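> Starting off with a structure, shown below.
Readers should treat all values here as calculations from the given coordinates under stated rules, not as data from a laboratory. What you see is a predicted model, and the numbers here were worked out from it, not measured in a lab. Here the Cβ positions follow ideal geometry from the backbone for every residue, glycine too, while neighbour counts run over all protein chains shown.
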Amino acid sequence: MKYVVRTQCLENYGSEEDFFKYKFGSEYLVEANRDATALAKVALETAKTNSQYMVEYPLMVFTYEEWLMELNEYDEEYRTFKVEQLMDLT
């Protein structure tokens, strides 16, 4: 089954002390047998690039069909942008 996992990034602005701020996120297309497995796959993938300066973590999981339905709330230009930005891990 196909899932879309939405992530959140935190950026550390602190030099001497940690001072994280919420920043952007991404959406990943994942093939998995259940939602928890999809989330775990994205967590493992994003862990590869996490550091003391930037952390990306899974936030929400949707079935691909749910994600497509959510896109209907937006205009065509933004829907196209969202589809193009979807990161494919299948």
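> Hey, fewest Cβ within 10 Å first, where do VAL83, VAL5, VAL55, VAL61 land in order?
Ascending number of Cβ neighbours within 10 Å: VAL83, VAL55, VAL61, VAL5.
> In addition: Over all alpha-carbon pairs in the chain, figure out the percentage whose distance exceeds 18 Å.
Here the long-distance tail beyond 18 Å is 48 percent of all Cα pairs in the chain.
> Enumerate the aspartates and glutamates that LYS41 could reach by cross-link, defined here as Cα to Cα under 15 Å, with residues fewer than 8 away along the same chain left out.
Leaving aside aspartates and glutamates fewer than 8 places away in the same chain, those within reach of LYS41 are GLU27, GLU31, GLU56, ASP88.
> Need the full-extension length gain, LYS23 to MET54, defined as separation in residues times 0.36 nm minus the C-alpha distance. One decimal, nm.
10.2 nm
> With n ≥ 4 as the cut-off for DSSP H runs, can you work out [θ] at 222 nm for the chain, using -39500 (n - 2.57) per run divided by the number of residues, rounded to the nearest 500?
-10000 deg cm²/dmol
> Would you mind getting the Kirkwood hydrodynamic radius of the stretch 27-66 from its Cα pairs, rounded to one decimal in Å?
After inverting the mean inverse Cα-Cα distance, the result is 10.9 Å.
> If you filter the chain for trypsin sites (Lys or Arg not before Pro), then keep DSSP loop positions with at most 11 other Cβ within 10 Å, what is left?
Hits after loop and neighbour filter: ARG34, LYS48.
> While we're on this one: To the nearest 0.05, how large is the calculated FRET efficiency for ALA47 and TYR78 if R₀ is 25 Å and r is the Cβ-Cβ distance?
With a Förster radius of 25 Å, E is 0.25.
> Right, another one. List the lysines whose alpha-carbon lies under 18 Å from that of LYS82, not counting same-chain residues fewer than 8 positions away?
Straight-line reach from LYS82, under 18 Å: LYS2, LYS23.
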